[in-house]
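A short worksheet on the structure shown next.
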Amino acid sequence: MSREPLDEKLSRVTFVRAPEPHISLDEAVCRRCSLDRVCLTTCPAGNFKRDERSGQVSVSTESCMECGSCRIVCALGAVRWKLPKGGFGVCYLRG
Ligand code: SF4
Ligand code: SF4
């Protein structure tokens, strides 16, 4: 049995945008990050970015898959993360 490539699976994920972002960062903690900004390489959706000029890390939540990985890897507690209200967020068409 062949396994479907991850890119193809991800291409079928749909999102309903919540009015308020469900993830926010403690910018002061991120500025002093001692974790080599592991969030940048952990998020499977590539939602974490680092501004080249200021060095500040930010997160966008529009394509968040609600995996919770960013919250787990940030041992400094800079990621405030909560599930979007019902009716919003990620929708997996095939589980
Ligand atoms: S979210 Fe955590 S790991 Fe990412 S830059 Fe901020 S402090 Fe560092
Ligand atoms: S919950 Fe997962 S997909 Fe969403 S921003 Fe965090 S690591 Fe990325």
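Only the coordinates and a few stated rules stand behind these numbers; no lab work does. Just so it is clear, the model here is predicted, and its values are computed rather than measured. Cβ: placed from backbone, ideal geometry, glycine included. Neighbour counts: every protein chain shown.
Observations on the model:
- Enumeration of residues in the stretch 2-32 that are of a type in the set (A, V, I, L, M, F, W, C) and closer than 14 Å to R71 by Cα: I23, L25, V29, C30
- None of G77, G55, G87, G46 is free of Cβ contacts under 8 Å to residues at least 24 places away in the same chain and not basic (K, R) except G46.
- Subset of the stretch 17-42 that is in contact with a Phe, Trp or Tyr (Cβ under 6 Å, 6 or more places away or on another chain) and within 10 Å of ligand 1 (Cβ to nearest atom) - its residue that is farthest from G77 (Cα to Cα): L40
- Residue list for the stretch 1-50, restricted to those being under 11 Å from the mean Cα position of the chain (by Cα) and among the polar types (S, T, N, Q): S24, T41, T42, N47
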